Amino acid sequence: MSAAVRHHAPDPAARRPLLQVQGLARAFGGLRAVDALSFDVAAGEIVGLLGPNGSGKTTALNLISGALRPDGGSVRFQGLELAGQPAHRIVRAGIARTFQLVRVFQSMTVLQNVQAGLMFGASRGAGAGLDPGDAQLLLGQVGLAGQAARRADELTYIDQKRLELARALALRPRLLLLDEWLAGLNPSELVEGVALIRSLHARGMTVLMVEHVMDAIRTLCDRCVVMSSGARIAEGTPAEVLSDPKVVQAYLGDDDLEAAHV
Ligand SMILES: Nc1ncnc2c1ncn2[C@@H]1O[C@H](COP(=O)(O)OP(=O)(O)OP(=O)(O)O)[C@@H](O)[C@H]1O
Ligand SMILES: [Mg+2]
């Protein structure tokens with residue numbers, strides 16, 4: 001993947017940070033779930049956000065996406081300060097996400113789910129109209145072209161994940177936040193899932209992905225940020241961070257078997 005990124009982004013200006021997280025903090029009672037977290041994501045990158053269970057990855061995504069208000073720190077996106085803004089503003093600024101536990105409108109059809117996203121997404125960007133072909137196009141992009149008329153609750157697990165992704169893409173984001181989007185997939189689905197993320201990236205999407213599936217991280221990520229107890233403990237290429245003794249130490253004792261295989 002990184003070869004493709006380098007190929008497509010020779011201009012240094014294209015690599016300036018799209019997202020700049022600085023000193024981000026959030027406590028729950030006495031627990032510092034996210035503790036002075038800082039990192040950047042450049043336009044065109046796929047960055048992995050790693051760390052053992054409970055290290056604060058989902059909380060970090062919640063703070064960036066506006067699902068939670070930070071106690072302190074800064075989230076700058078394309079130069080705009082977004083920390084503490086409501087979720088709908090952050091979507092309008094160009095950040096969309098998927099959830100660790102899949103969230104789709106279960107009783108709506110696949111097409112309706114995506115149309116709901118498109119309607120909201122159309123309110124971004126001057127003059128962006130709602131083209132009925134867009135929903136079908138998005139479903140094609142995620143591999144659901146033949147499923148438009150089915151109810152979301154009739155879909156297999158991976159197809160529900162595809163649908164959630166299509167709905168996030170309907171918001172027309174520049175940055176996609178994925179929270180363990182590959183979790184729970186079987187080996188062949190995993191290959192398809194990795195290919196799908198790769199194809200979105202090849203179309204220009206910037207991705208920040210929380211993930212435990214190490215093979216996928218090695219294949220997809222240009223760079224990784226590793227968290228432990230809310231703080232950043234390492235940053236570098238997948239090979240660098242996964243061989244970092246601090247990272248190995250943080251994962252020891254974690255009950256996530258795959259992660260423990262670092
Ligand atoms: N709403 C909340 N109220 C209280 N504590 C919370 C809340 N959300 C998260 N926590 C705690 O904050 C810490 C970080 O949780 P978080 O869900 O961000 O971890 P994570 O890195 O995403 O873990 P996992 O890999 O298991 O998904 C955990 O100790 C968790 O129990
Ligand atoms: Mg999580």
Of all residues in the stretch 135-163, which are within 23 Å of the chain's Cα centre (by Cα) and of a type in the set (A, V, I, L, M)? ALA135, LEU137, LEU138, LEU139, VAL142, LEU144, ALA145, ALA152, LEU155, ILE158, LEU163
Looking only at the stretch 215-243, and only at residues there that are modelled with pLDDT under 95 and surrounded by fewer than 18 Cβ atoms within 10 Å (Cβ to Cβ), the one that is nearest to ligand 1 (Cβ to nearest atom): ASP215
Quick check on this structure: which one of PRO17, PRO70 is closer than 26 Å to SER229 by Cα, surrounded by 15 or more Cβ atoms within 10 Å (Cβ to Cβ) and either modelled with pLDDT of 95 or more or within 16 Å of ligand 2 (Cβ to nearest atom) (or both)? PRO70
For a quick check of your reading: which helices (runs of 4 or more DSSP H) sit entirely within the stretch 30-128 and have at least 1 residues that are in the same structural domain as VAL247 (by TED's automatic domain parsing)? 57-65, 87-93
Within the stretch 146-204, can you find the residues that are out of contact with any Gly (no Cβ under 6 Å at 6 or more places or on another chain) and within 16 Å of ligand 2 (Cβ to nearest atom)? LYS161, GLU164, LEU177, LEU178, ASP179, GLU180, TRP181, ALA183, GLY184
Within the stretch 227-252, can you find the residues that are among the charged types (D, E, K, R) and assigned to a loop (DSSP other than H, G, I, E, B)? ASP244
May I ask you to say which residue of ASN53, ASN62 is within 10 Å of ligand 1 (Cβ to nearest atom) and surrounded by 15 or more Cβ atoms within 10 Å (Cβ to Cβ)? ASN62
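Results for (1) in contact (Cβ under 8 Å) with a residue 40 or more places away in the chain; (2) out of contact with any helix residue (DSSP H, G or I) (no Cβ under 6 Å at 6 or more places or on another chain), shown as yes or no for each residue.
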position	(1), (2)
ILE158	no, no
GLU180	yes, yes
GLY193	no, yes
GLY204	yes, yes
HIS212	yes, no
ASP215	no, yes
ALA231	yes, yes
SER243	no, yes
Consider only pairs whose beta carbons are under 8 Å apart and that are at least six residues apart or on different chains; among these, list those whose first residue lies in the stretch 89-116 and is of a type in the set (Lys, Arg) and whose second residue is assigned to a strand (DSSP E or B) and within 16 Å of ligand 2 (Cβ to nearest atom). ARG97/LEU177; ARG97/LEU178; ARG97/ASP179
Return yes when LEU182 is under 26 Å from VAL114 (Cα atoms) and assigned to a loop (DSSP other than H, G, I, E, B) and no when it is not. yes
With respect to ARG203, is the statement that it is surrounded by fewer than 17 Cβ atoms within 10 Å (Cβ to Cβ), within 24 Å of ILE90 (Cβ to Cβ) and at pLDDT below 95 true? yes
Looking at (1) modelled with pLDDT of 80 or more; (2) under 10 Å from ARG167 (Cα atoms), which is the only condition GLY117 fails? (1)
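The values are calculated or read from the model by the stated rules, or taken from the named source; none is laboratory data. As the structure is a prediction and not an experimental result, all values here were calculated from the model. Counting neighbours? That spans all protein chains shown, and the Cβs are built from the backbone with ideal geometry, glycine included.
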